[in-house]
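Undergrad: My structure is below; once you've seen it, I'll send some questions.
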Amino acid sequence: MNNKGQLLLLSGMLIAMSVALITLYLTTASISGYRVSYSPWGLPYYEMRSSVYEATRAIKLYKNPNDISEFYQNMSKIYARHGYFLVVNATPIGGSLYKLNLTFKTDRVKLEVEKNVPTY
């Protein structure tokens, strides 16, 4: 075998290894966001965030406090069907300001949120 054949074979192997390394790097980079947000404890991040968001949105949409409490009772029932304990209380402070108390419990986490929410 002459030097040109060896050079061609070596170049082919280097290109193949480079493509494999680039593919591995891109795959690792694409799933790194998933691995950062993944928790080994299985905490329900999405459910905790959405409960606070939906409770705040309900205060801004409903003007009648009775409608808000009925919405929160239904919201608690929906979360209970998925295995979460959720208690939401909204008390008017004055004018267009409500105090939102939210308790979210699972077997691994107890989250309590207290937030002042304007209705305008």
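Undergrad: Taking the simple approach of a point 7 Å from Cα along Cα-to-Cβ for both residue 80 and residue 111, what is their distance in nm?
TA: With each label point 7 Å from Cα toward Cβ, the separation is 2.0 nm.
Undergrad: Helix 65-81 versus the longest principal axis of the chain: what angle, 0 to 90°, nearest 10, using Cα atoms?
TA: Once rounded, the angle reads 40 degrees.
Undergrad: Semi-axes, largest first, in whole Å: what does sqrt of 5 times each Cα gyration tensor eigenvalue give for the chain?
TA: 57, 16, 10
Undergrad: A follow-up question, please. For the chain, find the longest principal axis of its Cα atoms and tell me its angle to the long axis of helix 3-37, 0 to 90°, nearest 10.
TA: That helix lies at roughly 10 degrees to the long axis.
Undergrad: Where nothing but the Cβ of Lys and Arg (+1) and of Asp and Glu (-1) is charged, how large is the charge dipole of the chain around its Cα centre, in debye to the nearest 20?
TA: Dipole about the Cα centre, nearest 20: 100 debye.
Undergrad: Please build a GNM for the chain, connecting alpha carbons under 10 Å apart, and tell me which residue among 20, 58, 90 fluctuates the most.
TA: Of the options given, 20 has the highest mean-square fluctuation.
Undergrad: As a check on your grasp of the helix formula, calculate [θ] at 222 nm for the chain: sum -39500 (n - 2.57) over DSSP H runs of n ≥ 4, divide by the residue count, round to the nearest 500.
TA: Here the helix-only value at 222 nm equals -20000 deg cm²/dmol.
Undergrad: Whose amide H sits under 5 Å from the amide H of residue 109, counting only residues 5 or more places off or on another chain, with H placed in the peptide plane?
TA: Hits under the 5 Å cutoff: none.
Undergrad: From Cα pairs below 8 angstrom and at least 6 apart in sequence, can you work out the relative contact order of the chain, rounded to a whole percent?
TA: Reported as a whole number, the value is 18 percent.
Undergrad: Where does helix 45-61 land angle-wise versus the long Cα axis of the chain, in degrees 0 to 90, nearest 10?
TA: 40
Bear in mind that the values in this text are calculations on the coordinates, not laboratory data. What you see is a predicted model; the values in this text were computed from it and never measured. Ideal geometry is used to build each Cβ from the backbone, glycine not excepted, and the neighbour counts take in all protein chains shown.
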